[in-house]
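All remarks here apply to the structure that follows.
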Amino acid sequence: MKIALSVFALLILSAFAVVFSQAPTNPASQATAPSVTSHGSAIAQHTLSPRQLELVNQPALPAGTQIDKLIVYKSKREMHAFYQDKLIKIYPISLGKSPIGHKQFEGDMKTPEGVYSINDRNPNSAYHKNLGISYPNAQDVAFAKSHGKSAGGAIKIHGIKNGLGDIIGANHLLKDWTHGCIAVTDREMDELFVAVVDNAPIHILP
């Protein structure tokens with residue numbers, strides 16, 4: 001099983017055009033060589049932007065931190081986390097494979113835009129835990145129905161496919177790869193899974 005997962009991971013990384021080699025553990029120190037973050041996630045520095053590197057290398061949230069609002073800036077590929085209107089942390093993210101525009105129909109690979117809420121959490125997700133997003137709302141359903149289609153659903157914030165998190169790490173940021181969900185690293189997902197309160201609003205902006 002481990003061999004199969006490793007082969008699968010290499011195929012995925014080939015799609016991301018990532019080449020690994022050993023390098024220092026301080027990614028900010030050398031912007032042209034692949035490295036490993038202080039969190040143990042492999043990253044490709046010659047392709048991740050300085051902003052992504054900065055965000056990837058943030059310290060973990062202090063124990064007991066709560067997040068009661070999320071704002072996603074799709075064009076920036078960032079998710080801002082707040083508690084009582086104070087910015088707590090910014091997470092770099094990947095989006096659906098067709099990232100521009102609001103999700104309208106099942107299978108369109110778009111990430112929704114609008115105001116929703118965190119309405120579910122699953123510790124046993126196929127993609128290292130997830131937080132459910134309340135898409136579709138009544139308006140989404142009505143619009144899709146008017147076109148004779150389904151609005152889709154099962155939009156989540158989730159980590160990397162189980163078994164591949166330590167191999168892919170922050171390299172997932174190199175492209176938009178989900179079916180419409182918002183993706184973070186496994187370590188970031190562990191943090192969000194505990195910190196985000198039930199029914200927290202999530203504003204997803206273009």
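The values are calculated or read from the model by the stated rules, or taken from the named source; none is laboratory data. Since the structure is predicted, the reported quantities are computational estimates derived from the model, not experimental observations. Note that we place each Cβ from the backbone using ideal geometry, even for glycine, and neighbour counts take in every protein chain shown. Side chains included, ligands, DNA and RNA excluded: accessible areas come from the protein's heavy atoms. Shrake-Rupley method; radii C 1.70, N 1.55, O 1.52, S 1.80 Å.
The residue of segment 178-188 that is farthest from the chain's Cα centre (by Cα), among those that are part of a loop (DSSP other than H, G, I, E, B), under 18 Å from residue 106 (Cβ atoms) and not small (Gly, Ala, Ser), is 179. Among the residues of segment 117-159, the ones that are under 19 Å from residue 178 (Cα atoms) and part of a strand (DSSP E or B) come to 11 in all. Restricting attention to segment 42-73, the residues that are open to solvent by less than 40 Å² (accessible area, probe 1.4 Å), over 15 Å from residue 203 (Cβ atoms), touching a Lys or Arg at 6+ places or on another chain (Cβ under 9 Å) and of a type in the set (A, V, I, L, M, F, W, C) add up to 2. In a residue-by-residue description of segment 74-90, the property of being within 12 Å of the chain's Cα centre (by Cα), open to solvent by 30 Å² or more (accessible area, probe 1.4 Å) and under 23 Å from residue 178 (Cβ atoms) applies to at least one position.
For the list (1) open to solvent by less than 60 Å² (accessible area, probe 1.4 Å); (2) assigned to a loop (DSSP other than H, G, I, E, B); (3) farther than 24 Å from residue 169 by Cα, I need the number of the one condition that residue 111 fails. Exception for residue 111: condition (3).
Within segment 171-206, the residues that satisfy the criterion of being within 18 Å of residue 58 (Cβ to Cβ) and in contact with an Asp or Glu (Cβ under 9 Å, 6 or more places away or on another chain) are 183, 184, 186, 196. Residues of segment 61-91 that are assigned to a loop (DSSP other than H, G, I, E, B), of a type in the set (A, V, I, L, M) and at pLDDT 95 or above: 61 alone.
Remark: pairs (first residue in segment 64-88, more than 21 Å from residue 156 (Cβ to Cβ); second residue open to solvent by 10 Å² or more (accessible area, probe 1.4 Å) and outside any strand (DSSP E or B); Cβ separation under 8 Å; 6+ apart in sequence or on different chains) = 83/65; 83/66; 83/68; 84/68. Within segment 170-187, the residues that satisfy the criterion of being open to solvent by less than 20 Å² (accessible area, probe 1.4 Å) and closer than 21 Å to residue 117 by Cβ are 178, 180, 181, 182, 183, 184. Looking across 156, 149, one residue alone is buried (at least 20 other Cβ atoms within 10 Å of the Cβ) and basic (Lys, Arg). It is 156. Residues considered: 93, 118. Of these, the only one that is within 27 Å of residue 49 (Cα to Cα), of a type in the set (A, V, I, L, M) and open to solvent by less than 70 Å² (accessible area, probe 1.4 Å) is 93. Pairs meeting the criteria (first residue in segment 107-133 and under 12 Å from residue 198 (Cα atoms) and at pLDDT below 95, second residue of a type in the set (Gly, Ala, Ser) and assigned to a loop (DSSP other than H, G, I, E, B), beta carbons under 9 Å, at least 6 apart or on different chains) are lacking.
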